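One structure below.
The values are calculated or read from the model by the stated rules, or taken from the named source; none is laboratory data. For clarity, every value in this text was computed on a predicted model and none was experimentally measured. When we count neighbours, we look across all protein chains shown, and the Cβ atoms used for this are built from the backbone with ideal geometry, even at glycine. Remember, those area values only see protein heavy atoms, side chains included, never the ligands or the DNA or RNA. Shrake-Rupley method; radii C 1.70, N 1.55, O 1.52, S 1.80 Å.
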Amino acid sequence: MEDKTEKMQVSMLDSIILMIVIIAEIVVCVRGGLDLGVPLFITWVIMFLYCKIRKYDWSLVEGFALQGVRDGFQSVVIVAAVGCLIGTWILGGTVPTLIYYGLNILQPSIFLPATLLLCALLSTLTGTSYGSAASAGIACMGIGLSMGFPPGMIAGAVICGSLFGDKMSPFSDTTNLAPAMAGGTLYGHIKSMCYNTIPGLIITAILFAIVGSGQTVSNYDPSEVISYQESLAEIFNIGFIPLIPMIMVVVLLLFKLPALPTILLGAIVGGICSMISQDSTFIEVVTAMKDGFSVDSGVVLIDTLLNRGGISSMYGIMMIMIFAMGLGGMLDKMGVLHNFLGLFIHHVNSVFSLVGTTMIVSYLSGAIGCTMSMSHVLTGKLMGPIYREKGVSPDVCSRTMEDCGTLGGTLMPWHTNAVYFCGTLGVLYTDYIPYVFLCYIVPIISLIYAATGFAIWYVDPETGKRIPKEQAPINQKKLRA
């Protein structure tokens, strides 16, 4: 099989043509409004046609694709478990309880940082920046405008908070996709991001407190917030029991239990608590794990934020991951990625240049594909192998991908993120762009870490185990020459 693989190593010209065709097909489909999953699957047909033209053994190439899927399938299963957990945590009142108490922090004197933290909390719990912006974000826009805050300033706080959770939450599609594409693990990825994203959030909160203090605030009417809380209290039993699943998951994570059983246990305990505190039936729990939670309260905030979850809600990202892994397996084994890596790898002689190159590739991928998923798929497949060869942890790669791929879309007015936030929050791109502090600060922190070596980890290229800095290939002088 090795001989056959060597015979089908494609040329640089073929590699360029293949990548242009693949990227063009994906971009056309995505810009036409399609999800990324089907366009990625269609790329398998492109690879099949190429094999027929070059008379390569398709069954062997198909095996490359299936092996790529097998190697990363654990991440797909984790995403399915996350869908179950979100469904039972909403059904059981865990998420509503936290929303209920979170709304108490919306006070005029600290409105902007409070909006930031509330949206960060909700997006972390639900794993969706879009859902948080379309629910709590809209509520904060209305409350903030009534107080006299400029719309762009409020939108900036909403966007930064919403993207924080999209970047950090284990329930987020991007948080699962990035390490899967880079070859890392979910919790290694999240731990790595804590070093730059949490300080970035703190700095962002301070900046919003400063700019907010200079605003003239009119009389504050808390009736809207109270009405939201009353609606939540009518639907759910707010209290301590709904918080038990979250506390349990945090404790299990502190003891470093594997991600998959931890998330599944969290989903099951969430279902048990829903039967205790919300009088849910066993069938309702299982239904929530499959199809998510559904309610028609008549309150836009409540319905938008809570109607979600279940394995079915994760089908899209699961398909993206499966088809991207398969495509990556084919491109890798056929030498296409290796050809492109040669263009980058000769210019990478330090961690700083490695991280900087990853940022450029991530921003460009997002600008071309106009989605966070597209950025992560392309950047992970291109840059992940370089990190392995240079002995730098994939957690650093996936962290950098999120710094630019997840946060960077908001900086591009044609990107789906920017279009969505403008339409949902009712603001112009020029209104919010000066205030998305998190999107500027986090990449800068990453570059500082890359330059100083702080929060940079190294691995053996063969085994993937942690090694001292001096033993990493990228830090060996003979490879710098």
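So if the hydrodynamic radius of the chain is defined as the Kirkwood radius over C-alpha pairs, what does Stokes-Einstein give as its diffusion coefficient at 20 °C and 1.002 mPa s, in µm² per second?
92
How would 62, 402 rank on accessible area, largest to smallest, probe 1.4 Å?
From most accessible down to least: 62, 402.
Could you rank 234, 284, 470 by how accessible they are, 1.4 Å probe, largest area first? Intermediate values should be presented prior to the final figure.
On the way: 234 155, 284 90, 470 135 Å².
From most accessible down to least: 234, 470, 284.
Tell me, which longest segment in the chain has none of the chymotrypsin sites (Phe, Trp or Tyr not before Pro) that fall in DSSP loops with at most 14 further Cβ atoms within 10 Å?
Excluding the exposed sites themselves, the longest stretch runs over 1-239.
Please list the helices of the chain that count as membrane-span-like by this rule: a mean Kyte-Doolittle hydropathy of at least 1.6 together with Cα atoms stretching 20 Å or more along the helix axis, each helix being a complete DSSP H run.
Flagged H segments are 12-31, 111-126, 259-277, 437-452.
Would you work out which of 99, 28, 141 lies farthest towards the positive end of the dipole of the range 1-148, given +1 charges on the beta-carbon of Lys and Arg and -1 on that of Asp and Glu, about the Cα centre?
It is 141, whose Cα lies furthest towards the positive end.
Mind checking the dipole of the chain: about its Cα centre, +1 per Lys or Arg Cβ, -1 per Asp or Glu Cβ, Debye to the nearest 20?
Working: 23 positive and 29 negative charges, 317 e Å.
Rounded to the nearest 20 debye, it is 1520 debye.
Under a 1.4 Å probe, what is the accessible area of the chain per residue, stated in Å²?
41
How large is the translational diffusion coefficient of the range 1-151 in µm² per second when you combine the Kirkwood radius over alpha carbon pairs with Stokes-Einstein at 10 °C and 1.306 mPa s?
79
Apply the a/c threshold of 1.5 to the C-alpha gyration tensor of the range 27-97 and tell me whether it is rounded, prolate or oblate.
Cα axes put the range 27-97 in the oblate bin.
With contacts defined as alpha carbon pairs under 8 Å and 6 or more residues apart, what's the relative contact order of the chain in percent?
Averaging sequence separation for qualifying contacts and normalising by length gives 25 percent for the chain.
For residue 407, what accessible surface area do you get with a 1.4 Å probe? Give it in Å², rounded to 10.
Near enough 0 Å² of accessible area.
Hey, any idea what % of the chain's accessible area is carbon plus sulfur with a 1.4 Å probe?
For the chain, the apolar C and S fraction of the accessible surface comes to 66 percent.
Which distance in nm do the two modelled labels at residue 353 and residue 24 give, with both placed 7 Å along the Cα-to-Cβ direction?
In this crude spin-label approximation the distance works out to 3.3 nm.
When the solvent-accessible surface of protein heavy atoms is calculated with a 1.4 angstrom probe, in what order do 14, 431, 35, 291 fall, highest first?
The residues order as 35, 291, 431, 14, largest area first.
Could I have the simple spin-label model distance between residue 419 and residue 447, label points 7 Å from Cα toward Cβ, reported in nm to one decimal?
2.9
Can you tell me the length gained on complete extension of the stretch residue 462 to residue 13, counting 0.36 nm per residue apart and subtracting the Cα distance?
158.7 nm
Where does the Debye-calculated log10 I(q)/I(0) of the range 100-212 sit at q = 0.19, 0.20, 0.23 Å⁻¹, using only Cα point scatterers of equal weight, no solvent?
-0.90, -0.97, -1.18
Could you pull out the longest piece of the chain with no exposed loop trypsin sites (Lys or Arg not before Pro) in it, calling a site exposed if DSSP puts it outside H, G, I, E, B and it has at most 10 other Cβ atoms within 10 Å? Walk me through the intermediate numbers first.
On the way: sites that count: 55, 256, 465.
Free of exposed loop sites, the longest segment is 257-464.
Based on DSSP H runs of at least 4 residues, each adding -39500 (n - 2.57), what is the mean residue ellipticity at 222 nm of the chain after dividing by all its residues, to the nearest 500 deg cm²/dmol?
Helix-only estimate at 222 nm: -23000 deg cm²/dmol.
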